[in-house]
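Peer 1: The structure that follows is given in the form of structure tokens.
The values are calculated or read from the model by the stated rules, or taken from the named source; none is laboratory data. Nothing here was measured: the structure is a model prediction, and the numbers come from that model. Counting neighbours? That spans all protein chains shown, and the Cβs are built from the backbone with ideal geometry, glycine included.
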Amino acid sequence: MIQIETNKTPKCELEIKKQWCKGCNLCVAACPRSVLALDLLGKIKVVEAEKCIACGLCESTCPDFAIRVIKNA
Amino acid sequence: MRELAEVRLMQGNEACVQAALDAGVRFFGGYPITPSTEIAEGMAEKLPALGGKFIQMEDEIASIASIIGASLAGVKSMTATSGPGFSLMQENLGYACMTEVPCVIVNVQRGGPSTGRPTAPAQGDVMQARWGTHGDHPAIVLSPWSAQETYTLTVKAVNLSERFRTPVILLMDEVVAHLREGVRMPDPRQLKLIERPRPQGGRENYRPFGGALDEVPAVADFGMGYRCNVTGLVHDDVGHPSGSPQVTNDLIRRLSGKVEAHRDEIIDYELTQTGDADMVIFAYGSTARTSLRALKLARAQGLKVGMIRPTTLWPFPEKAIEEVAERGIPILVPEMNLGQLVLEVERIAKGRSLVQPLSRVDGELFNPDEILEAVKELKPVKSRKSSKKEGI
Amino acid sequence: MSFDVMDYFRQETLPHIWCPGCGNGIILRDFAVALERLNYPRDEVVIVSGIGCSSRAAGYLNFDTVHTTHGRALPFATGIKLANPNLKVFVIMGDGDSSAIGGNHLIHAARRNIDLTAIIFNNNIYGMTGGQFSPLTPRDKKATTAPYGMIEQSFDICRLAEGAGATYVGRATTYHNQLLTQLIIDGAQNPGFSLIEAVTHCPTSYGRRNGMASPSDMVRWQKDNAVWIDKVRAGKAEVKDGQFTIGLLHRHEAPEFTQAYMEVIKRARGQE
């Protein structure tokens, strides 16, 4: 089963599927607020959730469908 | 649509067109090439009135691709070509085998290799029809000897492709294709037509590539809502690519198995005066016409000659040879090639009968006298070597 | 609940086979977004692909899908569309797939103006076989079969399609992915042959050999070298050597093939 990690930010929930992350760093480079980073094993993690503006660039730039941005209602 | 039984003077190629239409073919993709072009021309003229579709593609590779696509959409489909075009079709022919897409490929054989003799008859594509595409795969190949039989075998080809979800090759030769003779056609509504097995249940349990070794799984048309994946890669029973040795083994064995297990449904041959024969001619296509004349000449001279005329070349009609070989009587195999199907005859005869090839590759038909002469020289088998003595 | 791209995938087939940082997944996502907005009945959508990295895309999508033979996706798609014109047929191809081995089929599908939407994943290289040059590899770039640099001229596949008769031609990149989504939507709605070139990146087989080691370097290259066609036409930008235009590059109206064939059927039936 795919485990989904949910990260709450001020404007959205960031759902991350670590098992699908291949560590390419595209989302890290795309994020305008440095919300994301690669962990020691080279997988995506949320480091500064409070800075997230829910722009969705990480989701649309991730080639592996490992991030989903669910904006707050 | 025709609505009555009728007799018409037709070319083999014309009979092929009418039979395909009567059998429910409603899509044709092709490319002009001698001596098969009349089939494309006939389809271009006749399909649209039946609501069918004709398309002239940019080459033969595209032609066979288009008919596989149309068949995936649920429409009975056909292409027709000749030697060089048949060579170009080989990759996608294998694709149709692998993906189990029903379709009919007509190859009107001409002199080869390469551009060869475009307007001359030949039977040089017999082995290519069996083994032309790479990898182990099933092959159903039918070969008519007359315009009449072109009609019946075209219907059969369409039916077998639907029945077994596999491409079927109608292997004609230039003489049969262009010969004009009376063709008796039944009321098309009286024809027994076969439709491919289609799924009944829901999407969840649909296994378009599953089943036992001898099984032909049901296939959904695109647009029916089953959301199939079709790939030429080795695939599992739902159609996903797989690298598993078990999945590979099961698939490759089933593709051939589903045809091999039903040989008796597929194979047909005609025996002429073999019961009392001391020697037998094994011939197909227009060569069998000449052979029949030679048989009559021989009988008139008191020689007990019989003939085996297969209309199914592949799977090879082993039983027909087996019965003759058991009696140890010699077999002459005239072919307009350097000896292709004769190798199969030898394989089944296993040295029990002398098997004598007779070749002609000059772009001319055999004449009855040369077959008669060859029959007279047949000797009962002594050793395996003797069958190779005269050779080609 | 926001749109979940996973609704469009056969989830049991994921994660996909593409390398880390490969742009193909980005295009695939944009395509799924375009399908969401097009809102076609799902069972009327057929996706046809050729052979190569790009063409694995079809198998991940939850529609009727066909992974055909190398270069031949368009003639397969032509048969499907002509046999059942109600189907919405998309064709996914790579640059080598569509322009080398399948180049002839490409120009003829464009010439016929058959209602297919072709999406060409252009990563400038044969990725699956390990980095051989394609007809879209730029001059002087390196490939395993051009170890001293590419000496051949490359195709501009959009101009090729336009010249052959395509009625809708656009280009976007994996960086400009909103544009890409919009081009796919508009291309699908164009009643005729539409070609959308999606400039993508192959870090493994192209970037590493050509001074762009990381996926983000390659995406930055796209950002820096793509020039909006609207700006060029307005005289506000120019296309420098090595740069390329993006946007809706060409559009014209012409009779569509399967509709024209319906007229043939009427004529043959003596209805006109």
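Peer 1: Any residue at all in segment C:199-217 that is in contact with a Leu (Cβ under 7 Å, 6 or more places away or on another chain), surrounded by fewer than 24 Cβ atoms within 10 Å (Cβ to Cβ), modelled with pLDDT of 95 or more and within 14 Å of chain A (Cβ to nearest Cβ)?
Peer 2: There is at least one residue in segment C:199-217 that is in contact with a Leu (Cβ under 7 Å, 6 or more places away or on another chain), surrounded by fewer than 24 Cβ atoms within 10 Å (Cβ to Cβ), modelled with pLDDT of 95 or more and within 14 Å of chain A (Cβ to nearest Cβ).
Peer 1: Still on this structure: Identify, by number, the condition in (1) more than 9 Å from chain B (Cβ to nearest Cβ); (2) surrounded by 15 or more Cβ atoms within 10 Å (Cβ to Cβ); (3) in contact (Cβ under 8 Å) with a residue 40 or more places away in the chain that residue C:237 doesn't meet.
Peer 2: Failed condition: (3).
Peer 1: Next up: Give the residues of segment B:57-87 that are within 10 Å of chain C (Cβ to nearest Cβ) and in a helix (DSSP H, G or I), sorted by residue number.
Peer 2: B:61, B:62, B:63, B:64, B:65, B:66, B:67, B:68, B:69, B:70, B:71, B:72
Peer 1: Here's a follow-up. Consider segment C:88-112. How many of its residues are surrounded by fewer than 24 Cβ atoms within 10 Å (Cβ to Cβ) and farther than 12 Å from residue C:135 by Cβ?
Peer 2: Adding up the residues that qualify gives 5.
A quick yes/no check of all residues on (1) in the same structural domain as residue B:148 (by TED's automatic domain parsing); (2) surrounded by fewer than 23 Cβ atoms within 10 Å (Cβ to Cβ); (3) over 24 Å from the mean Cα position of the chain (by Cα):
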| position | (1), (2), (3) |
| --- | --- |
| B:253 | no, yes, no |
| B:257 | no, yes, no |
| B:263 | no, yes, no |
| B:291 | no, no, no |
| B:296 | no, yes, yes |
| B:332 | no, no, no |
| B:345 | no, no, no |
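Peer 1: Quick one: which residue in B:265, B:270 is touching a strand residue (DSSP E or B) at 6+ places or on another chain (Cβ under 6 Å) and of a type in the set (Asp, Glu)?
Peer 2: B:270
Residue by residue, here is whether (1) more than 19 Å from the chain's Cα centre (by Cα); (2) touching a residue at least 60 places away in the same chain (Cβ under 8 Å); (3) part of a helix (DSSP H, G or I) holds:
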position	(1), (2), (3)
C:191	no, yes, no
C:195	no, yes, no
C:198	no, yes, no
C:201	no, yes, no
C:204	yes, yes, yes
C:208	yes, no, yes
C:218	no, yes, yes
C:224	yes, no, yes
C:231	yes, no, yes
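Peer 1: Counting only residues that are without any contact (Cβ under 8 Å) to a residue 24 or more places away in the chain, of a type outside the set (S, T, N, Q) and under 12 Å from residue C:63 (Cβ atoms), how many does segment B:222-243 have?
Peer 2: Here the count works out to 2.
Peer 1: What are the pairs, 6+ residues apart or on separate chains, where a residue within segment C:38-59 that is in a helix (DSSP H, G or I) has its Cβ under 7 Å from a residue that is hydroxyl-bearing (Ser, Thr, Tyr)?
Peer 2: C:55/C:49; C:57/C:49; C:58/C:49; C:58/C:65; C:59/B:231; C:59/C:13; C:59/C:65
Peer 1: Sticking with this structure for a sec: Restricting attention to segment A:44-73, and to residues there that are aliphatic (A, V, I, L, M) and in a loop (DSSP other than H, G, I, E, B), which single residue is surrounded by the most Cβ atoms within 10 Å (Cβ to Cβ)?
Peer 2: Looking at the filtered set, the residue picked out is A:66.
Peer 1: Further question on the same structure: Condition check: under 27 Å from residue B:168 (Cβ atoms) and at pLDDT below 95. Does residue B:335 satisfy that?
Peer 2: Judged against the criteria, residue B:335 is not a match.
Peer 1: Could I ask something else about it? Give me a count of the residues in segment C:1-31 that are surrounded by fewer than 22 Cβ atoms within 10 Å (Cβ to Cβ), more than 20 Å from residue B:226 (Cβ to Cβ) and more than 9 Å from chain A (Cβ to nearest Cβ).
Peer 2: Here the count works out to 2.
Peer 1: Examine segment C:83-102 for a residue that is facing chain B (nearest Cβ under 8 Å) and assigned to a helix (DSSP H, G or I), and state whether such a residue exists.
Peer 2: Within segment C:83-102 (the criterion being facing chain B (nearest Cβ under 8 Å) and assigned to a helix (DSSP H, G or I)), the answer is yes, since at least one residue qualifies.
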